[in-house]
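S.K.: Please see the structure below; I have some questions.
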């Protein structure tokens, strides 16, 4: 159970970073050729500190590898990022606490729960767990905060 909760937490944090990397073209850039952190930052006009965190995150997911001269390249697992729906970001602005306290329409998370039950209509269980984290972590935190858990 703890392992699953850790995956959910990882998803809650990593999904927006993955989508930002996708939107800014990180994966396409590194697909073209091996590049160092500094080369990537220059090409993307990125903050080097934030980029370093994102690159480490992509390494931990197994999507990027780094060689002995600190050049990054895509791994064979990278295509998974394409299956992450952009709409998932809407969950970060949902009033989950108000919903849990009965102050919101009962259906505000219904569609999200159905998507989760359908494994987000994707074949990659790891990505589905990361997406579940975006839904489950705010619910768990809200339940805990209001002594409902």
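The values are calculated or read from the model by the stated rules, or taken from the named source; none is laboratory data. Bear in mind that the values here come from a model prediction, so they are computed numbers and not experimental data. Cβ placement follows ideal geometry from the backbone for every residue including glycine, while neighbour counts extend to all protein chains displayed.
S.K.: Looking at (1) in contact (Cβ under 8 Å) with a residue 12 or more places away in the chain; (2) part of a loop (DSSP other than H, G, I, E, B); (3) closer than 27 Å to residue 29 by Cα, which one does residue 76 not meet, given that it meets all the others?
M.R.: Unmet condition: (1).
S.K.: Taking residue 142, is it without any contact (Cβ under 8 Å) to a residue 40 or more places away in the chain and over 29 Å from residue 41 (Cα atoms)?
M.R.: No: the conditions fail for residue 142.
S.K.: Does any residue of the range 62-84 turn out to be in contact with a strand residue (DSSP E or B) (Cβ under 6 Å, 6 or more places away or on another chain) and at positive phi?
M.R.: yes
S.K.: Restricting attention to the range 43-55, and to residues there that are assigned to a helix (DSSP H, G or I) and out of contact with any strand residue (DSSP E or B) (no Cβ under 9 Å at 6 or more places or on another chain), which single residue is nearest to residue 126 (Cα to Cα)? Before you say what the answer is, go through the steps one by one.
M.R.: Step one: list which residues in the range 43-55 are assigned to a helix (DSSP H, G or I), which gives 43-44, 48-55.
Filter once more, keeping what is out of contact with any strand residue (DSSP E or B) (no Cβ under 9 Å at 6 or more places or on another chain): 44, 48-54.
Working: 44: 28, 48: 28, 49: 27, 50: 24, 51: 23, 52: 23, 53: 20, 54: 18 Å.
Ranking the candidates gives 54 first.
S.K.: Collect the residues in the range 1-42 that are part of a helix (DSSP H, G or I) and at positive phi, keeping them in residue-number order. It would help to see each step written out before you state the result.
M.R.: Quick first cut of the range 1-42, residues part of a helix (DSSP H, G or I) only: 2-24, 26-32, 37-42.
The answer is none; no residue qualifies.
S.K.: Then there's this: What is the residue count in the range 53-73 for residues that are within 21 Å of residue 15 (Cβ to Cβ) and either exposed (fewer than 15 other Cβ atoms within 10 Å of the Cβ) or not assigned by TED's automatic domain parsing to the domain that holds residue 9 (or both)? Steps first, answer last, please.
M.R.: First, the residues of the range 53-73 that are within 21 Å of residue 15 (Cβ to Cβ): 53-64, 72.
Filter again for either exposed (fewer than 15 other Cβ atoms within 10 Å of the Cβ) or not assigned by TED's automatic domain parsing to the domain that holds residue 9 (or both), leaving 53, 56, 59-60, 62.
Residues meeting the conditions: 5.
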